[in-house]
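Student: Once you've had a glance at the structure underneath, I'll fire off some questions.
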Amino acid sequence: MISALTRSVRGALSRALHTTNVVAGGNAGPHNRLFTHLEEDENRADMPWEWTEENKKRADAVIAQYPVGHQQAATIPLLDLAQRQHGGWLPLAAMNYVAEYLDMAPMRVYEVATFYTMFNRNPVGKYHVQICTTTPCMLRDSDMVVRACKENLGIGLGETSKDKMWTLMEVECLGACVNAPMMQINDAYYEDLKEEDVHEILNDLREGKQPKPGSRIDRFASEPITGLTSLTSPPTGPGYGVREDL
């Protein structure tokens with residue numbers, strides 16, 4: 001019993017340390033990578049950065065949705081727009097540009113960019129594969145999804161392929177617990193996965209095809225896997241159940 005408990009603790013510790021390394025990335029160490037900007041050729045503070053003409057119109061349209069003087073509320077959507085413009089990640093120059101565009105202290109923008117995991121502060125591949133391994137997905141064999149992705153892509157968690165096509169990450173809950181196991185690739189969710197589904201999706205993307213997102217067993221949204229248990233008949237019309245004398 002003690003031996004089994006020891007293995008369990010070691011496994012949990014290994015996963016925790018492994019996840020920390022994945023988030024940290026590279027060899028800079030978790031604390032440096034998470035909280036410190038490291039000057040690199042592709043991520044310099046003095047690197048020129050500005051909106052494209054089309055994205056400037058989008059940014060202005062987003063800002064216009066907020067009251068005058070409260071444009072800082074547009075920080076998240078503008079950072080998301082900047083990340084999409086820059087190929088899926090946010091260099092420091094883009095954060096500084098957004099701060100200036102919104103008349104904010106750069107530190108306020110850094111606080112947002114470092115808090116939300118949707119913002120990638122290091123380069124990612126063309127296809128950013130994120131696998132949820134939190135408890136509901138783990139119980140539905142998310143480890144199978146991890147194994148299949150590693151086998152298909154030839155990279156490990158936290159790594160990017162040499163051709164810059166793929167980045168593989170282990171992440172916390174993606175909010176699709178009912179349809180576990182699942183993975184997110186860029187903006188698309190792929191749910192109710194079997195091993196063959198994982199390979200088919202990755203192979204289709206590799207061939208330039210666009211796999212249909214959503215459930216792989218054609219369930220609607222998050223309906224029970226056994227079918228509907230309520231709302232199984234057409235709704236009643238107006239006046240149903242009302243007294244005739246009213």
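Student: Evaluate E = 1/(1 + (r/R0)^6) for ALA105 and GLU172, where r is the Cβ-Cβ distance and R0 equals 22 Å; express this FRET efficiency to the nearest 0.05.
Tutor: Result of the calculation: an efficiency of 0.15.
Student: Rounded to the nearest 0.05, what FRET efficiency do LEU231 and ASP187 have when you use their Cβ-Cβ distance and R0 = 51 Å?
Tutor: Rounded to the nearest 0.05, the efficiency is 0.95.
Student: A further question follows. Heads up, I need the accessible area for THR236: 1.4 angstrom probe, whole protein in place, Å², nearest 10.
Tutor: 90
Student: With an 8 Å Cα cut-off and a minimum separation of 6 or more residues, compute the relative contact order for the range 122-219 in percent.
Tutor: Values: 164 pairs, mean separation 30.7, N = 98.
So the answer I get is 31 percent.
Student: A further question on this structure: Report the extension gain between PHE115 and LYS162 in nm, rounded to one decimal, defined as 0.36 nm multiplied by the number of residues separating them, less their alpha carbon distance. Write out the running numbers ahead of the final one.
Tutor: Values: separation 47, 0.36 × 47 = 16.92 nm, distance 2.83 nm.
Residue separation times 0.36 nm, minus the Cα-Cα distance, leaves 14.1 nm.
Student: Under 19 Å from a point placed 7 Å out from the Cα of LYS57 along the Cα-to-Cβ direction: which residues of the range 63-84 have their backbone N that close?
Tutor: It comes to 63-65, 78, 81-82, 84, nothing else.
Student: Probe of 1.4 angstrom, ligands and nucleic acids ignored: what's the accessible area per residue over the range 71-180, in square angstrom?
Tutor: Per residue, the range 71-180 has 47 Å² of solvent-accessible surface.
Student: Of THR160, PRO181, LEU202, which is farthest along the charge dipole of the range 142-207 in the positive direction, counting Lys and Arg as +1 and Asp and Glu as -1 at C-beta?
Tutor: Toward the positive end, the furthest listed residue is THR160.
Student: With a ≥ b ≥ c taken as the square roots of the eigenvalues of the C-alpha gyration tensor of the range 83-164, please select rounded if a/c is under 1.5 and otherwise prolate if a/b is larger than b/c or oblate if it is not?
Tutor: oblate
Student: Please list, ordered by chain and number, the residues whose modelled amide H lies under 5 Å from the amide H of ARG216; skip anything fewer than 5 residues away on the same chain.
Tutor: Result for ARG216 returns GLU191, ASP192.
Student: Protein chains only, probe 1.4 Å: how do THR226, THR135, THR160 rank by accessible area, largest first?
Tutor: Listed by decreasing accessible area, they come as THR226, THR135, THR160.
Student: Calculate the radius of gyration of the Cα atoms of the range 173-246 to one decimal place, then report Dmax, the largest Cα-Cα distance, as a whole number, both in Å.
Tutor: 19.4, 68
Student: Can I ask one more? Give me the distance in nm between label points sitting 7 Å out from Cα along the Cα-to-Cβ direction at ASP245 and ARG44, one decimal.
Tutor: 8.8
Student: Moving to a separate point now. What is the Cα coordinate range of the range 91-246 on the first, second and third principal axes, sorted by size from largest, in whole angstrom?
Tutor: Over the range 91-246, Cα extents along the principal axes are 72, 47, 31 Å.
Student: Under a 5 Å amide H to amide H cut-off, with H placed in plane at 1.01 Å, what residues pair with GLU40 once short-range neighbours are removed?
Tutor: Long-range HN contacts for GLU40: none found.
Student: I would also like to ask the following. What does the extension gain come out to for ALA64 and GLU151, with contour length at 0.36 nm per residue minus their alpha carbon separation? The partial results should precede the final answer.
Tutor: Values: separation 87, 0.36 × 87 = 31.32 nm, distance 4.69 nm.
Difference between extended and current length: 26.6 nm.
The values are calculated or read from the model by the stated rules, or taken from the named source; none is laboratory data. Everything numeric in this text was worked out from a predicted model, so none of it was measured. We place every Cβ from the backbone using ideal geometry, glycine too, and count neighbours over all the protein chains shown. Ligands, DNA and RNA are excluded from the accessible area calculation, which covers all protein heavy atoms including side chains. Shrake-Rupley method; radii C 1.70, N 1.55, O 1.52, S 1.80 Å.
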